[in-house]
Amino acid sequence: MPLSRRALGPLLLAPVTARAQSFTPASAPNQPLTQIAQSRGFTYGCAVTARLLADEPEFAALVAQEAGLVVPEYEAKFDTLQPEQGRFDTAPLDALLRWAEHFRKPVRGHALVWHNALPAWVAPAVTESPARAQAVMEAHFDHVLAHTSARIRDWDVVNEPIANPPGSDVPEPAGNSGDLRDSPWLRGLGPDYVATALRAARQRDRTLRLTLNDYGVEADSPSAEEKRRRLLRLLRSLRDRNVPLDAVGIQGHLQMREAFSPAIFRAFVQDIRALGLQVLITELDVREVRPPVGDFVARDAAVARRVHEFASAAFEGGARTLLTWGISDRWSWLHREQTVALDPGDVHRGLPYDWELNRKQMWRALARAFLGQSAG
Ligand code: XIL
């Protein structure tokens, strides 16, 4: 399918570029984030949806300009790809892949094995017997990895495996399965489902980058500390058993109400790197306190300070990729998702561009972190 004129038109006219440039503070370079990141050997990108790329020309132009890589926000999740057993629908993902190919942007896959975004048929099937569970997993991998192998070279093979410790927003005690959260995959295959998934992915594509992605490990809090311990325990046990794994994705859904310690977070990234794994920040965005305090300038300054210290600590620890979950507050899941949204009439200002697609201080914070500069 050729790209619609609507999606390309604004890029050719570049109104977003022109407007965005006028908002760049003098102390930050006036280039797309992807270029700034690339100049220091980093990758910047963001999550997108194929529908927005097709329907919102300003969004499409902004992503084309700023992102060096894109991630499908839902198109590569299980329920979209295989809504009924044996019936695959790659049309939404294919639309995104075509857009990315047109703009020469690599795409990350997200996510093969996850407890969320499962169609109704999966849980009963995979909890029937371990053999059935493995067959379901392998059939999904067979189809999806073969279909995407030319375009997606990095997949979140396992997403959010670690159980949330007490004190988390949604605590879930680690059961007798160790540190893993409850999920149909765990119930069907036991704690080895993580290793089974990673091995199955490697078997099907020997050079694919295999990533394990999780959240809730960023803050300076007892529950985040415990979740970091659980994740490191899982990573060490995978390494000890020679299970293939290349990278860890740290989602980076930050919350302003939580404390953050750059030293603690940097050390955690280094601990993962010491296991021979790469580290990516995969889903950065920021939830403000409820209700937010101060005017937009004050709120944006607080978010930018947090983002600068978080990104700088990640880079000092050895992360080379940072992706935001969306790019503008307007289309962020942070206000669509009831459980995390602010009260009606207000939205989290937790992405580099605001509702009207103006650059915010967060953009500048990321630019300066990529450049190894202080918050300024
Ligand atoms: C979110 C999407 O942004 C929402 O649109 C959807 O309703 C729920 O999923 N961690 C992840 C992502 O790994 O897949 C989630 O994406 C956000 C949290």
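The values are calculated or read from the model by the stated rules, or taken from the named source; none is laboratory data. Since the structure is predicted, the reported quantities are computational estimates derived from the model, not experimental observations. Neighbour counts are summed over all protein chains in view; Cβ atoms, including those assigned to glycine, are modelled from backbone coordinates with ideal geometry. Quick note on the areas: whole protein, heavy atoms, side chains included, nothing else; ligands and nucleic acids left out. Shrake-Rupley method; radii C 1.70, N 1.55, O 1.52, S 1.80 Å.
How many residues does segment 101-117 contain that are within 15 Å of the ligand (Cβ to nearest atom), part of a loop (DSSP other than H, G, I, E, B) and at negative phi?
3
If the requirement is being more than 16 Å from the ligand (Cβ to nearest atom) and part of a loop (DSSP other than H, G, I, E, B), which of these qualifies: Ala131, Ala95, Ala120?
Going through Ala131, Ala95, Ala120 in turn, just one is more than 16 Å from the ligand (Cβ to nearest atom) and part of a loop (DSSP other than H, G, I, E, B): Ala120.
Tell me yes or no: at least one residue of segment 273-286 is among the acidic types (Asp, Glu), within 17 Å of the chain's Cα centre (by Cα) and within 16 Å of the ligand (Cβ to nearest atom).
Checking segment 273-286: at least one residue is among the acidic types (Asp, Glu), within 17 Å of the chain's Cα centre (by Cα) and within 16 Å of the ligand (Cβ to nearest atom).
Quick check on segment 63-82: of everything there that is part of a loop (DSSP other than H, G, I, E, B), within 10 Å of the ligand (Cβ to nearest atom) and of a type outside the set (Lys, Arg), which residue is surrounded by the most Cβ atoms within 10 Å (Cβ to Cβ)?
It comes out as Ala76.
Condition first: surrounded by 15 or more Cβ atoms within 10 Å (Cβ to Cβ), more than 17 Å from Pro72 (Cβ to Cβ) and of a type in the set (Ser, Thr, Tyr). Can you find one or more residues in segment 172-183 that meet it?
Yes - at least one qualifying residue is present in segment 172-183.
Do you know which of the residues in segment 38-62 that are within 15 Å of the ligand (Cβ to nearest atom) and within 30 Å of Glu316 (Cβ to Cβ) is surrounded by the most Cβ atoms within 10 Å (Cβ to Cβ)?
Cys46
Of the numbered conditions (1) within 29 Å of Val297 (Cα to Cα); (2) in contact (Cβ under 8 Å) with a residue 24 or more places away in the chain; (3) surrounded by fewer than 16 Cβ atoms within 10 Å (Cβ to Cβ), Asn30 fails exactly one; give the number of that condition.
Failing condition for Asn30: (2).
Name the residues in segment 341-376 that are over 22 Å from Ala314 (Cβ atoms), out of contact with any Lys or Arg (no Cβ under 6 Å at 6 or more places or on another chain) and touching a residue at least 40 places away in the same chain (Cβ under 8 Å), would you?
Asp343, Asp346, Leu357, Asn358, listed by residue number.
Which members of segment 308-329 meet the condition of being within 16 Å of the ligand (Cβ to nearest atom) and either in contact (Cβ under 8 Å) with a residue 60 or more places away in the chain or closer than 18 Å to Asp271 by Cβ (or both)?
Within segment 308-329, Thr321, Leu322, Leu323, Thr324, Trp325, Gly326, Ile327, Ser328 qualify.
For segment 236-257: of the residues being within 16 Å of the ligand (Cβ to nearest atom) and over 22 Å from Asp154 (Cα atoms), which is most open to solvent (accessible area, probe 1.4 Å)?
The qualifying residue most open to solvent (accessible area, probe 1.4 Å) is Gln255.
Can you pull out the residues in segment 201-225 that are open to solvent by less than 40 Å² (accessible area, probe 1.4 Å) and within 21 Å of Trp114 (Cα to Cα)?
Ala201, Asp205, Leu208, Leu210, Thr211, Leu212, Asn213, Asp214, Gly216, Val217, Glu218, Ala224
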